[in-house]
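Undergrad: Let me begin by handing over the structure; questions about it come next.
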Amino acid sequence: NAGVTQTPKFQVLKTGQSMTLQCAQDMNHNSMYWYRQDPGMGLRLIYYSASEGTTDKGEVPNGYNVSRLNKREFSLRLESAAPSQTSVYFCASSAGTGSYQPQHFGDGTRLSIL
Amino acid sequence: SQQGEEDPQALSIQEGENATMNCSYKTSINNLQWYRQNSGRGLVHLILIRSNEREKHSGRLRVTLDTSKKSSSLLITASRAADTASYFCVPPFGGSNYKLTFGKGTLLTVNP
């Protein structure tokens with residue numbers, strides 16, 4: 001049972017390059033999320049998708065776009081990467097958006113922008 | 001939004017000892033979740049405690065919730081080296097879990 005799978009695991013980009021981070025879940029979950037984790041900052045929500053066909057901004061959406069491709073997949077795109085976007089990115093999913101739903105996380109994508 | 005504030009920020013103990021981590025939050029909640037993050041890995045959901053529960057157990061974990069003090073604690077008994085991780089308490093904001101906000105956590109180190 002794979003759970004939440006993120007690709008790639010590591011990536012180095014140059015400033016201005018674009019990139020798409022991929023996330024897929026096999027738990028038939030309705031809701032999916034993208035977070036970034038920076039030292040001393042905790043996890044911050046970038047975008048989320050409450051259900052297939054919907055996406056909404058989180059706490060730090062600037063510089064990112066998302067696509068809920070289908071129920072399983074939720075991608076995060078950096079159109080023009082900046083050094084400030086160097087971070088570890090986590091995708092998560094949950095059965096729904098009710099407050100009793102635990103979130104299941106992937107193991108992250110470590111992204112460096114030079 | 002609100003996030004849990006974990007205390008202490010770091011805790012170092014010997015294998016076999018118990019570890020207690022505390023959490024405070026600001027506004028009323030209907031439940032609170034605890035997560036663990038091992039180094040280099042994603043977060044793992046440990047336990048959810050509802051506002052009408054004062055204590056909940058799961059294996060070697062014991063979580064308490066005091067809604068009058070807006071605080072929670074996580075006790076890990078008979079700790080193991082594999083328990084070395086960061087632990088986060090996560091109160092939901094606004095009753096919607098997509099507003100979950102994560103604090104900086106407690107870094108627990110269990111020395112063999």
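A short reminder: the numbers here are calculations on the coordinates, not readings from a lab. Values in this document were obtained by computation on a predicted structure and should not be read as measured data. All Cβ positions, even for glycine, are placed from backbone atoms using ideal geometry, and neighbour counts span all protein chains on display.
Undergrad: Can you tell me what share of the DSSP beta bridges in the protein assembly as shown is antiparallel? A percent to the nearest 5 is fine.
TA: 90
Undergrad: Using amide H atoms built in the peptide plane, which far-off residues or other-chain residues are under 5 Å from B:L100 H to H?
TA: B:F93
Undergrad: So what's the projected area for segment A:3-84, the Cα convex hull averaged over all directions, in nm²?
TA: Average projection, Cα convex hull of segment A:3-84: 5.4 nm².
Undergrad: Tell me which residues come under 5 Å, amide H to amide H, from A:T86 once H is placed; ignore anything under 5 positions away on its chain.
TA: For A:T86, the qualifying residues are A:I113.
Undergrad: For Cα pairs less than 8 Å apart in space and 6+ apart in sequence, what is the mean separation divided by the residue count of segment A:22-114, i.e. the relative contact order in percent?
TA: For segment A:22-114, the relative contact order is 30 percent.
Undergrad: Now for a separate question. Ignore the peptide's own chain and count Cβ atoms of other chains within 10 Å of each Cβ in B:47-55; give me the average, rounded.
TA: Per residue, the number of nearby Cβ atoms from other chains is 1 on average.
Undergrad: Oh, and also: Determine the dipole magnitude for segment A:14-114: charges of +1 sit on the beta-carbon of Lys and Arg, -1 on that of Asp and Glu, nothing else is charged, the reference point is the Cα centre, and the result goes in debye to the nearest 20.
TA: 140
Undergrad: Moving on. Give the residue from B:G59, B:T77, B:T101 lying farthest towards the positive end of the charge dipole for chain B; charges sit on Cβ (+1 for Lys and Arg, -1 for Asp and Glu) and the dipole is referred to the Cα centre.
TA: Of the options given, the answer is B:T101.
Undergrad: Mind giving me the nanometre distance, one decimal, between the label points for B:S51 and A:F10, set 7 Å out from Cα along Cα→Cβ?
TA: 4.6
Undergrad: Separation between the A:S18 and B:N18 pseudo-spin-labels, each 7 Å from Cα along Cα→Cβ, expressed in nm?
TA: Taking the simple label geometry, A:S18 and B:N18 are separated by 5.7 nm.
Undergrad: Right, here's the next one. Counting partner chain Cβ atoms within 10 Å of every residue's Cβ in B:34-42, what's the average?
TA: 4
Undergrad: Now a separate question. Cα-based Rg of chain B per 2.2 N^0.38 Å, rounded to two decimals?
TA: Working it through for chain B, the quotient is 1.00.
Undergrad: Let me spell out the model: positive unit charges on the Cβ of Lys and Arg, negative unit charges on the Cβ of Asp and Glu, origin at the Cα centre of the protein assembly as shown. What dipole size does that give, in debye rounded to 20?
TA: The calculation lands at about 200 debye.
Undergrad: Given a cut-off of under 8 Å on Cα pairs at least six residues apart, what relative contact order in percent is computed for chain B? Write down the numbers at each step before the final one.
TA: Details: 285 pairs, mean separation 43.6, N = 112.
Result for chain B is 39 percent.
Undergrad: With θ set to phi - 60°, apply the Karplus curve 6.51 cos²θ - 1.76 cosθ + 1.60 along segment B:35-48 and write out the HN-Hα couplings as whole Hz, x wherever there is a Gly or Pro.
TA: Result, ordered by residue: 10, 10, 9, 6, 4, x, 10, x, 6, 10, 6, 9, 6, 10 Hz.
Undergrad: As an exercise, use a Förster radius of 41 Å and the Cβ-Cβ distance of B:K69 and B:N111 to find the FRET efficiency, rounded to the nearest 0.05.
TA: Numbers: r = 31 Å, r/R0 = 0.76.
That gives a FRET efficiency of 0.85.
Undergrad: Turning to a different aspect of this structure: Per residue of A:100-109, what is the mean number of Cβ atoms on other protein chains within 10 angstrom of that residue's Cβ?
TA: Details: counts 8, 8, 11, 10, 4, 7, 3, 5, 5, 0.
Partner Cβ neighbours, averaged per residue: 6.
Undergrad: Quick one: dipole size for chain B, taken about the Cα centre, charges +1 on Lys/Arg Cβ and -1 on Asp/Glu Cβ, in debye to the nearest 20.
TA: Using only the charged Cβ atoms, the result is roughly 300 debye.
Undergrad: Using only alpha-carbon positions, what ratio does the radius of gyration of the protein assembly as shown give when scaled by 2.2 N^0.38 Å?
TA: The protein assembly as shown yields a ratio of 1.02.
Undergrad: Then there's this: What is the calculated FRET efficiency for B:V44 to A:T86, with r their C-beta to C-beta distance and R₀ = 41 Å, to the nearest 0.05? Don't skip to the answer; put the middle values down first.
TA: On the way: r = 25 Å, r/R0 = 0.60.
Rounded to the nearest 0.05, the efficiency is 0.95.
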